[in-house]
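Single-structure report; data block below.
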Amino acid sequence: MHCWWAVKVISRFFLLALISSLANATVTYSRVLSIGDTSTTTVYAMTADAAGNLYLTGGTTNATLATTAGVVQPKIGPGLCSFTYDPHSPPLMLPCSDAFVLKLDPSGNVVFLTYLGGTGADVGNAIALDSAGNIYVAGRSGSLDFPLTAGAPFANQATGNGFVTKLNPQA
């Protein structure tokens, strides 16, 4: 049985994959997804397939994630977002988050990694798989330029839209 444990610690996301039984638990791998800068990477959802691959989605402001070849979006969106931490101070302009989609093999190696978003703040909140290996991500977009497929029935008309995206990492 695979048990996945996730802990977010001070702008770095640590992922522990544990193979457990009632008697003991051993760490199979531990991985840091955001390293060495002031960015934040947060995983909001994950699922696994029958082969033991782990799929994660969330939001990141890390512009240096090592995306894989041929992905939908190899670089983070260029937008800046306004954040107000103190009502008596001017807002800070910081990089907006993009959603990300990550597939790790059972040993913790990156198989697929892409950003997903536009110039606003975008995050993936849910992830699911189908039997053909497609990945479905649902989340929230603050981007008027969130990537849409041709002929999509809805257009980006305001920030704060929900989105659903189907990805085929084998294509």
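When all protein chains stay in place and ligands, DNA and RNA are ignored, the 1.4 Å accessible-area order of Phe100, Phe154, largest first, is Phe154, Phe100. In order along segment 141-147, the Karplus-derived 3J(HN,Hα) couplings, from 6.51 cos²θ - 1.76 cosθ + 1.60 at θ = phi - 60°, round to 10, x, 9, 6, 10, 4, x Hz, and Gly and Pro are given as x. For segment 36-118, relative contact order (Cα pairs under 8 Å, six or more residues apart, normalised by length) works out to 31 percent. When the alpha-carbon atoms of segment 102-157 are used, the pair Rg, Dmax equals 13.5, 42 angstrom. Taking amide H as placed 1.01 Å from N in the peptide plane, Val111 has its amide H under 5 Å from the amide H of Lys103, Leu104, Asp105, each at least 5 places away in sequence or on another chain.
Normalised by 2.2 N^0.38 Å, where N counts its residues, the alpha-carbon radius of gyration of segment 74-171 equals 1.24.
Counting Lys and Arg as +1 and Asp and Glu as -1 over every other residue whose Cβ lies under 15 Å from the Cβ of Ala50, the net charge comes to -2. Near Gly120, the amide H atoms lying under 5 Å from its own belong to Ser143, Leu144, Asp145; only residues 5 or more places off or on other chains count, and H is placed 1.01 Å from N. Computed over protein heavy atoms with a 1.4 Å probe, the accessible surface of segment 93-141 works out to 34 Å² per residue.
The values are calculated or read from the model by the stated rules, or taken from the named source; none is laboratory data. Bear in mind that the values here come from a model prediction, so they are computed numbers and not experimental data. Heads up, the Cβs are rebuilt from the backbone with ideal geometry, glycines too, and the neighbour counts pull from every protein chain shown. Accessible surface is based on the protein model in full, side chains and every heavy atom, while ligands, DNA and RNA are left aside. Shrake-Rupley method; radii C 1.70, N 1.55, O 1.52, S 1.80 Å.
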